[in-house]
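Below is one structure; the comments refer to it alone.
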Amino acid sequence: MAAAAGDSGSGSGVASSSESAARRRLRILSGHLRSAPETHLSAALCRGRAAPPVSSESPPSTLPKRRQEVLKWNGWGYNDSKFIFNKKGQAEFTGKRYRLGGTVLPLLREWIEKNLGGSLEHKSIPRASLNISDVPPSVTNEEFLQDLKTTNISYSQDPEDRIFRAHGHCLHELFLLREGMFKRVPDIVVWPGCHDDVVTIIELACKHNVCVIPFGGGTSVSSALECPTDETRTIVSLDTSQMNRIHWVDEKNLTAHVEAGIVGQDLERRLGESGYCTGHEPDSMEFSTLGGWVATRASGMKKNIYGNIEDLVVHIKMVTPRGVIEKNCQGPRMSTGPDIHHFILGSEGTLGVVTEVTIKIRPVPEYQKYGSVVFPNFERGVACLREVARQRCAPASIRLMDNQQFQFGHALKPQVASIFTSLLDGLKKFYITKFKGFDPNLLCVATLLFEGSREKVLQHEKQVYDIAAKFGGLAAGEDNGQRGYMLTFVIAYLRDLGMDYYLIGESFETSAPWDRVLDLCRNVKERIVKECKERGVQFPPFATCRVTQTYDAGACVYFYLGFNYRGISDPIHVYEEIESAAREEILANGGSLSHHHGVGKLRKQWLKESISDVGFGMLRSLKQYVDPSNIFGNRNLL
Amino acid sequence: MAAAVAGGTRRGTPMYSQKNLTSKKKYDFEDILEERRQSSDLRYAMRCYTPVVYKELSPCKPSAIKTIVLHSEQVQYVIRELSKEMGESPDIIQEEAAEILDEMGHSMHMGAIRFFAFTLSKLFKCLFKSICVNEEGIQKLQQAIQEHPVVLLPSHRSYVDFLLLSYVLYTYDLALPVIAAGIDFLGMKVVGELLRKSGAFFMRRTFGGNRLYWAVFAEYVKTVLKNGYAPVEFYLEGTRSRTAKTLVPKFGLLNIVMDPFLKREVFDIYLVPISISYERVLEESLYAHELLGVPKPKESTSGLLKARKILNENFGKIHMYFGQPLSLRTLAAGRINRCPYNLVPRHIPQKPSEEIQEFVSDVAYKIELLQIENMVLSPWILISAVLLQNLPAINFELLVEKTLWLKGLTQCFGGFLDWPDNLCANKAVRSSLSLHTNIASLVNGQVVLHDTVMGPGAAEETIFKQALSVLLCGSYRNQLLNVFVRPALVALALQMTHSSRKEEVYSSFAFWLDVFSDEFIFFPGVPVKDFEEGCYLLTKCDAIQITPQQIFVTEKGSTVISFLMAMFRPFVEGYQIICRYLSKEANEAFSEKQFIFGVRSFASQLLKTGGTQYYEVLSSDMQKNALAALVRLDVAKRTKKSDGFTYSVSKEALIKTAGMFESRIPVRKPIVARL
């Protein structure tokens, strides 16, 4: 394990302290956000509820009402964080929020030029700011507005607020923000402060027949937030961001009762203050909300220890047009007919608004350690993951990147600080490719994250590395592992950079039985390449995948697709056709319609065949009963 | 003779000259024997051979493939199942599987290939004038081999087919295929092993009931294909066509090779139709004997040695046309979108769904139709068609004239002709005749089909000899039938119905198409398309005129119509005779063997008494096809018995069908003479 030992320069420091890098990142984020400007709109006081001790003071939220003050209005993430090409033409990440901030990435430009045919000369500049007059005017149901005003619930009809809630982060949505306009956007944005506010709003909505679209973090990638263009009623965007209290923490049962509008990073940070965490870390956790996770059946990176959202929730409260749905106790499991939680989980805002959730918590792990393993090829890597799953010894997270993604990750390596490091890198490379005979164009990397007590982590680590060795895997150090995880947080920022240079990209995911994983990965990538070629994409696309979750019976596979659209007149349409073909291929290969992104409107066309006519009819009659006048009219799923 | 009408004015200028149609594809054929005649065969056999390979090939030895197959989930699953059922230890069954593999598996070996490269060079130069290959097709194949696993699907007219194909691929430095060959070859000493070493793998002719054999065999083929180890080659027709008509496809192997794609174990598979046309088929006389019931000689090395006397004969040209590789993915697009294998582990054998069976069948027919389209027709094929309508002899000049006329018609119908344009018609016909002196010869200005002139001897023997001669000649005419069948059936329908109403003509057409769908290749389920094509071709040669409701035969057209009728009359009348036989003779259940014997003696009697003139009815091929047609038409019922199938006839249905066969068919007129 020479490579591992040689790599521990920066990694071991992290590992030996009890603080994990992930938590450090969160501390930095929260530190920054405490100084975030307060919005001019103050949260209305919540009536009728004595606030429990934990939430007595109004907690600072990462996301203010005027999100555009902190977040990009036409791209991913924070205003101050983005990739740029500096004066020397080298890629650089700005801001201080991320570890990557301020570092130069000397290899990225060449990678873009070589792999995507991108060039700094060919720039596609988006408009600098929103042209207010382009935003469709607010269609207001005056009676509703009158009644709303009497409730003192804060609301806004400001075009910037409305446009911000008109979209998620699908490629076509961002493209419209950069150079187009949505045909339909919400007419009013409301910020309920608590469960009772939501009840009031839904009552009013039913009374006046207006359409309500719940809005959490706005990170949807399934067109779930787009307003149906033919909706003639007033569309109310119900922004849950002000419902972000932790009502109580129950240390006896290890649960916490939390309002659904809390964003992931706030939840973890504030639980962390009392030594707890939920362990639920989807890639979007900086911005996505608890309610959103429930509504889409989210999955977290560390689900192997903590479970996916459906395993984590103990109790859900949801406001529907029929009233409030919830269970009468917090028993850990019930046999009371079909689990009503499963009507709510994945309902994608078509049935109601999730307002409060009791979620499992765990003590913050004592020790955390990253790791990575290099495999001679993807096949061996998948075989290893399968074996790890068979032995049920998966670390908190285990992900396998294919060769293209490995090379891409390599392109994101920061400028090395010393000659020593670069020499070391060279030696490592020599060892793996020459001494071990790995083909640099075939090898692939698994990234690992272990959590637990120090002793157990080390023991667990050995067990996993021993299995890896059986499949020809070589330990490749903590640093590579950590960089792998960082990639998932910055990839969305990278997409914004690409779009400035005629490069568009997107990710999509699926789940499949183990025996079909390899065939599925290969066929989908090949299909993408073929479709790109047939549709006149002039440069080979970036089609890559990674296995991101392991289960007893299968795995989750995540695809990135990017290409250079120079010379194509309607890139979005072309992109959508390609993604659609890729999805067809996934389905034909025995993959699911979605593992955790959800269906939204983007994948509606395949839902019926995915769950059978009867299954579809069940969902439809559910909707019919709960929301007969289609108040929750975002038209997702059905 | 009335045919003289065709004389004078038309001489030299074919009636329907379609110069633009004279096979545009022809120009890029290259004769690969030419180079062999000029340079050393030894050097050729020993040259560096580095074919391009599949991009995802993981190279492995034949023995390694056997191990993969034996340990595959698929085979292991069947072994476990069988072990449970029979109470036998899995090890014993595994051993059995290993034996099957050893019997079956190929062991491609460069030495054997070089040996073949050398001897075949010598042999082919001796036997054939030229071997013409379309290079464009070779280039496409080369490309295809690198992209996806490839299945080669040649037509099957001769044992030489697979040797020839491997030889050509070797010549072009392409990967040698692994070939599915009948197990009978294994009986040949030395040669069987040599074939194995050159890449043949052997399958039993029948293994329907043997699950282990099926599993091992299927997995073997799939493993070879999936790994991209080598192109897989087999014959859709299943066996050599004794009549030179394309046989209806068999689906077993096609099912196997399509399986990896349908289960998405590979991204795509290329299917390459290959048409091999012989100017003169090596086994021509054997085939005619077989059709008349003289059993096929067992494949044996000594038999092969005895056959060496054919080395002194000339078998003319061979054309090999490599068709455009068909992407299975493209063929399946929109037909089988959702993989039906999502809900059962892929290694568990499943009966293909109806949707898939239909798809496999459609692909098979599509490929055979492509094979037919690219078959090269030699002048002799035209000559034999004319000859058979003018038995026992025809004036040479007249023959030339009619052949030229037929050439025009063939081109009009889109036949892919190889006519020696540099020769005058006289010489072309003469040279063709000289290649086929065993069938016909020129005597005193008359071209005579051998043995058709009544001579002394026992009647039985004479009839046998005559039949032999007609079937032999017929096997060349038959090659034209695939091109002519659609317009001919329209012509037949026109005659049968005596009507010009389109729907009536169509319904008659559809009936005959159904009747003949074992005899000729039609894409299943779309008789309208065939009808339209037939009508179109007839319109194109001005034989008919079509209005929205009606079809009229033009004045000029009657010649064409009569010719087509005469061309297909042996089949129509053959089926009628078989019907008559059944209604008179067959009472109880009978086996196929009894049926063939019965028809044969019944027809012999008719031939003897002059009740018919068409010897084709003696052909077991036609007899079997007719029986299959009667089963399809619900006239005969097929029941499985322990010792094979038995048939029983429903008299009522038979009378009805016989009526449809006969009714309103004009009494036999000397149609031929009207040409």
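Taking all protein chains as they are arranged and a probe of 1.4 Å, the heavy atoms of B:K502 leave approximately 60 Å² accessible to solvent. Summing +1 for each Lys or Arg and -1 for each Asp or Glu, what net charge is found among the other residues whose Cβ lies under 13 Å from the Cβ of A:R522? Overall, the nearby charge balance is -1.
Only Lys, Arg, Asp and Glu carry charge here, each on its Cβ (+1 for the first two, -1 for the last two); on that basis the protein assembly as shown has a dipole of about 2080 debye about its Cα centre.
Taking all protein chains as shown and a probe of 1.4 angstrom, A:E387 keeps an accessible surface of around 40 Å².
Helix A:142-151 and the longest principal axis of the Cα set of chain A meet at an angle near 80°. Highest mean packing first, where packing is the average number of other Cβ atoms within 10 Å per residue, the peptides B:471-480, B:37-46 line up as B:471-480, B:37-46.
Ordered by 1.4 Å accessible area with all protein chains kept, A:R380, B:R47 run largest first as A:R380, B:R47. Per residue of B:263-269, other chain Cβ atoms within 10 Å of the residue Cβ number 6 on average. Considering only beta bridges that DSSP places wholly inside chain B, some 60 percent are antiparallel.
The residue list B:A144, B:V133, B:Y159 was ranked by how far each Cα lies along the charge dipole of region B:96-166 toward its positive end, using unit charges on Cβ atoms, and B:V133 comes out on top. Return the carbon/sulfur percentage of the accessible area of the protein assembly as shown, one whole number, probe 1.4 Å, all protein chains in place. C and S atoms contribute 55 percent here. Going by accessible surface with a 1.4 Å probe and the largest first, B:R335, A:R184 read B:R335, A:R184.
The residues of chain A expose, per residue, 39 Å² of accessible area to a 1.4 Å probe. Between the amide H of A:V258 and those of A:H247, A:V357, A:T358, A:I359, distances stay under 5 Å, these residues lying 5 or more places away or on another chain, with hydrogens modeled in the peptide plane.
The amide H of A:Y276, built 1.01 Å from its N in the peptide plane, has A:V364 as neighbours under 5 Å, considering only residues 5 or more places off or on other chains. Compared with the dominant Cα axis of chain A, that is its longest principal axis, helix A:607-626 is turned about 30°.
Across q = 0.22 Å⁻¹, region B:410-518 modelled as identical point scatterers on its alpha-carbon atoms has Debye log10 I(q)/I(0) values of -1.12, in the order of the q list. For B:Q549, the shell of other residues with beta-carbons less than 12 Å away shows a net charge of 0, using +1 for Lys and Arg and -1 for Asp and Glu. Mean sequence separation of contacting Cα pairs (under 8 Å, at least six apart), scaled by the length of chain B, corresponds to a relative contact order of 15 percent.
The fraction of all Cα pairs in the protein assembly as shown landing in successive 20 Å bins from 0 to the largest distance is 9, 30, 28, 20, 11, 1, 0, given as whole percents. Computed with a 1.4 angstrom probe on protein heavy atoms, the B-A interface buries about 1300 square angstrom of accessible area in total. Across region B:390-522, C-alpha contacts under 8 Å between residues 6 or more apart give a mean separation that, scaled by the residue count, equals a relative contact order of 22 percent.
In whole Å, how far is the Cα centre of region B:36-67 from that of region B:569-601? A separation of 51 Å, based on Cα centres. Shown in residue order for region A:227-239 are the 3J(HN,Hα) couplings computed by the Karplus curve 6.51 cos²θ - 1.76 cosθ + 1.60 at θ = phi - 60°: 7, x, 5, 9, 6, 9, 6, 5, 9, 9, 8, 9, 8 Hz (x for Gly and Pro).
For chain B, the extents of the C-alpha atoms along the principal axes are 74, 64, 56 Å, listed from largest to smallest.
For A:K149, the lysines whose Cα comes closer than 16 Å to its Cα, not counting residues fewer than 8 places off in the same chain, are A:K207. Run a plain Debye calculation on region A:361-457 (Cα atoms as equal point scatterers, no solvent) and give log10 I(q)/I(0) at q = 0.11, 0.15, 0.22, 0.23 Å⁻¹, rounded to two decimals, same order as the q list. Here the Debye-derived log intensity ratios amount to -0.43, -0.75, -1.17, -1.20. Sorted into 5 angstrom bins from 0, the C-alpha pair distances of region B:278-425 split as 2, 6, 10, 12, 12, 12, 12, 11, 9, 7, 4, 2, 1, 0 percent.
Within the full protein context, the accessible area of A:H460 is estimated at about 50 Å² for a probe radius of 1.4 Å. Each of B:D514 and B:S285 was given a label point 7 Å from its Cα along the Cα-to-Cβ line. The distance between the two points is 4.4 nm. Per residue, the solvent-accessible area of region B:459-544 (1.4 Å probe, heavy atoms of protein chains only, all protein chains present) comes to 32 Å².
Estimated from helices alone, the mean residue ellipticity of chain B at 222 nm is -16500 deg cm²/dmol (sum of -39500 (n - 2.57) over DSSP H runs with n ≥ 4, per residue).
At a 10 angstrom cut-off on C-beta neighbours, averaged per residue, how do the peptides A:512-518, B:119-125 rank from highest to lowest?
A:512-518, B:119-125
Take each residue in A:585-593, count the other chain C-beta atoms within 10 Å of its C-beta, and the mean is 4.
Taking only Cα atoms, what is the 0 to 90° angle, nearest 10, from helix A:21-34's long axis to the longest principal axis of chain A? For A:21-34 against chain A, the angle is about 40 degrees. Packing-based ranking of A:581-590, B:92-101 yields A:581-590, B:92-101, ordered from highest to lowest mean Cβ neighbour count within 10 Å. For region B:321-355, a reduction of at least 50 Å² in accessible area between the chain on its own and the assembled protein chains (probe 1.4 Å) is found at B:R329, B:R338, B:N342, B:R346. Solvent exposure of region B:568-636, expressed per residue, is 39 Å² of accessible area, with all protein chains present and a 1.4 angstrom probe.
For the residue pairs B:K402/B:K556; B:K245/B:K366; B:K122/B:K317; B:K263/B:K351; A:K413/A:K434; B:K366/B:K502, alpha carbon separations beyond 18 Å are given by A:K413/A:K434; B:K366/B:K502. A straight line joining the Cα centroids of region A:443-516 and region A:120-154 runs 39 Å.
Taking all C-alpha pairs of chain A, those more than 32 Å from each other amount to 48 percent. The mean sequence separation of alpha-carbon pairs under 8 Å and at least six residues apart, normalised by the residue count of chain A, gives a relative contact order of 17 percent. Shielding of peptide A:514-521 by partners, expressed as the average count of other chain Cβ atoms within 10 Å per residue Cβ, is 3. Here the Kirkwood formula puts the hydrodynamic radius of region A:470-609 at 16.2 Å, using every distinct Cα pair.
The values are calculated or read from the model by the stated rules, or taken from the named source; none is laboratory data. Since the model is a prediction, treat every value here as computed from it, not as a measurement. Quick reminder, even Gly has a Cβ in these numbers, built from the backbone with ideal geometry, and neighbours come from all protein chains shown. Protein only, heavy atoms only, side chains kept; ligands, DNA and RNA dropped before computing areas. Shrake-Rupley method; radii C 1.70, N 1.55, O 1.52, S 1.80 Å.
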